1. One residue is enough: does the stretch 161-170 have a residue meeting the conditions over 19 Å from the mean Cα position of the chain (by Cα) and among the basic types (K, R)?
2. Select from the stretch 70-111 the residues that are of a type in the set (S, T, N, Q) and under 27 Å from N488 (Cβ atoms) and write down the one among them that is surrounded by the most Cβ atoms within 10 Å (Cβ to Cβ).
3. Under the condition of being closer than 28 Å to E453 by Cβ and among the aliphatic types (A, V, I, L, M), which residue from the stretch 368-388 is farthest from the chain's Cα centre (by Cα)?
4. Please go through the stretch 189-212 and give me each residue that is of a type in the set (A, V, I, L, M, F, W, C) and surrounded by fewer than 19 Cβ atoms within 10 Å (Cβ to Cβ), ordered by number.
5. Six or more apart or on different chains, Cβ under 6 Å: which pairs go from a residue in the stretch 337-358 that's in the same structural domain as G261 (by TED's automatic domain parsing) to one that's among the aromatic types (F, W, Y) and not in a helix (DSSP H, G or I)? Could you list them?
6. Please go through the stretch 173-222 and give me each residue that is in contact with a Gly (Cβ under 9 Å, 6 or more places away or on another chain), assigned to a helix (DSSP H, G or I) and of a type in the set (G, A, S), ordered by number.
7. Only one of (1) within 29 Å of N272 (Cα to Cα); (2) of a type in the set (K, R); (3) within 29 Å of the chain's Cα centre (by Cα); (4) surrounded by fewer than 19 Cβ atoms within 10 Å (Cβ to Cβ) is not met by R234, so which one is it?
8. Which of the residues belonging to the stretch 1-11 are assigned to a loop (DSSP other than H, G, I, E, B) and closer than 15 Å to M127 by Cβ?
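The values are calculated or read from the model by the stated rules, or taken from the named source; none is laboratory data. A quick note: this is a predicted structure, and the numbers were derived from the prediction, not measured. In this analysis, Cβ positions are derived from the backbone assuming ideal geometry, glycine residues included, and neighbour counts consider all displayed protein chains.
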Amino acid sequence: MDFQTTSKSLLDWSGDGLGFGLFEEATELTADLAQLNQRVAGNLADLIIELEFKGKEGSTGVLRVGSQGPVRKLLLIGLGKQGDFGADKLRRASATLARLARKEKLKTLALSLPLPGGDQALAAQMMVEGVELGLYQDQRFKSEPEDKSQTPEAVVFLGLEPQAAAIAKGQAMAAGVNLARQLVAAPANVVNPVTLAQTAADIAAQGGLSLEVLEQEECEKFGQGMGAFLGVARASDLPPKFIHLTYKPTGTPRRKLAIVGKGLTFDSGGLNLKVAGSGIETMKMDMGGAAAVLGAAQVIGQLQPDVEVHFISAVTENMISGRALHPGDVLTAANGKTIEVGNTDAEGRLTLADALVFTESLKVDAIVDLATLTGACVVALGDEMAGLWSTSKTLQAELLEAAELAGEKLWPMPLEEKYLEGIKSPIADWKNVGPRGGGAITAALFLKQFVQETPWAHLDVAGPVWADKENGCNGAGATGYGVRTLVNWVMSS
């Protein structure tokens with residue numbers, strides 16, 4: 001798709017579709033919009049009256065002008081309250097207008113939307129992200145595309161000076177999110193430990209990153225054996241892959257950061273089998289954390305910040321066989337801590353335990369992990385928000401700021417030390433499950449035992465990695481949640 005900027009106003013542009021917005025309680029047409037209304041014989045004002053258009057966020061209207069004038073169709077969107085309008089609202093409005101343009105079969109589209117804070121570069125990036133993400137469709141597994149609508153070939157942002165760098169950044173960000181979407185949405189017979197390692201190799205080759213993939217024998221030799229990760233992996237017929245991608249800038253890095261993602265390409269629950277009604281058919285998305293890590297790695301390879309970043313995932317399936325992990329087994333993690341397995345379906349924290357020990361050995365300045373870890377977090381925060389636990393107030397603040405710009409909701413949660421009692425084992429150091437109450441907190445506390453000194457944050461993203469219906473920039477399905485937050489965090493570090 002061709003993106004352009006122009007200093008032209010909406011009165012000077014000609015093409016198939018012109019998209020613009022109105023705020024709540026400000027739907028009276030003034031200035032350029034008043035002149036535009038005159039050009040279309042007052043029909044724009046009539047449309048607003050006919051639709052009872054109040055500027056509610058996401059509400060839309062279409063006015064067919066005809067083939068005689070400079071513009072065939074006018075696309076109207078509600079922007080919500082003016083005081084609430086920011087970068088993410090601009091991104092979402094652009095996504096909605098792009099979908100509307102596709103539905104109306106427009107080849108060219110111009111957007112005339114407010115600039116949050118007057119920042120032209122930020123506005124261009126947000127609009128590019130919105131258009132690319134809003135138009136994304138995953139039809140890889142259809143024999144024939146279901147939606148044969150006309151996707152715009154060119155999108156022009158009106159009232160902007162040249163913004164080539166911002167457009168490129170928006171395209172890179174959207175491509176990383178869409179990669180994560182593809183990985184999460186793909187079935188487990190397509191994305192598995194072997195193919196995920198190949199995806200990491202492709203990212204390394206394209207972005208100039210280095211790649212280390214530890215095979216099982218190498219995992220056995222690290223520390224005291226990565227017994228937690230390999231315990232989960234031993235029932236699968238597919239080999240585990242411990243992925244470690246590294247981006248290094250050309251000069252001396254300002255900071256060294258690490259991002260760790262849970263990489264269960266399929267989770268059957270193990271011998272604590274997920275039964276009918278448990279959502280087992282959705283467990284292809286239990287690698288949403290790893291998908292976000294790889295999506296972010298792709299973006300960082302293109303944007304090339306002056307920060308060193310390590311992207312890590314212990315990737316495996318959680319399956320059933322004669323070699324399967326038993327409830328009651330005791331595993332030894334790479335740092336020597338022993339873990340009693342109370343439930344084989346609490347496997348993600350086992351793989352992350354060894355991944356975190358490995359990551360801290362790299363001597364980085366901060367570690368962030370992402371995981372579709374607990375249903376308890378979904379119960380607490382719902383489907384659109386991830387939980388955030390951190391040992392560092394500074395790191396927590398950085399992530400909240402990064403998430404705000406990303407439009408990805410995060411909510412700080414407590415590391416309540418008293419709850420540690422719930423995961424102490426009578427025969428080992430820890431249990432991998434605790435009481436039902438506070439399950440997302442005890443899971444975070446479990447992970448905390450495998451990071452000793454490095455500032456660390458844990459994101460439980462079980463809810464927002466998947467959407468049941470279209471929302472903002474996301475269609476139904478995989479959302480690519482976390483990519484934008486991670487990239488924003490790295491770029492601002």
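1. no
2. S94
3. So in the stretch 368-388, the residues closer than 28 Å to E453 by Cβ come out as 368-374, 376-377, 386-388.
From the residues that got through so far, the ones that are among the aliphatic types (A, V, I, L, M) too are 368, 370-371, 373, 376, 386, 388.
Numbers: V368: 14, L370: 10, A371: 12, L373: 15, A376: 20, A386: 11, L388: 15 Å.
So, considering only residues that are closer than 28 Å to E453 by Cβ and among the aliphatic types (A, V, I, L, M), the one farthest from the chain's Cα centre (by Cα) is A376.
4. Passing the criteria: V190, V194, A201, A205, L211.
5. Cβ pairs passing all conditions: I339/W430; A353/F450; L356/F450; V357/F450.
6. Hits for the stretch 173-222 are A174, A175, G176, A180, A185, A204, G207.
7. (3)
8. M1, L10, listed by residue number.
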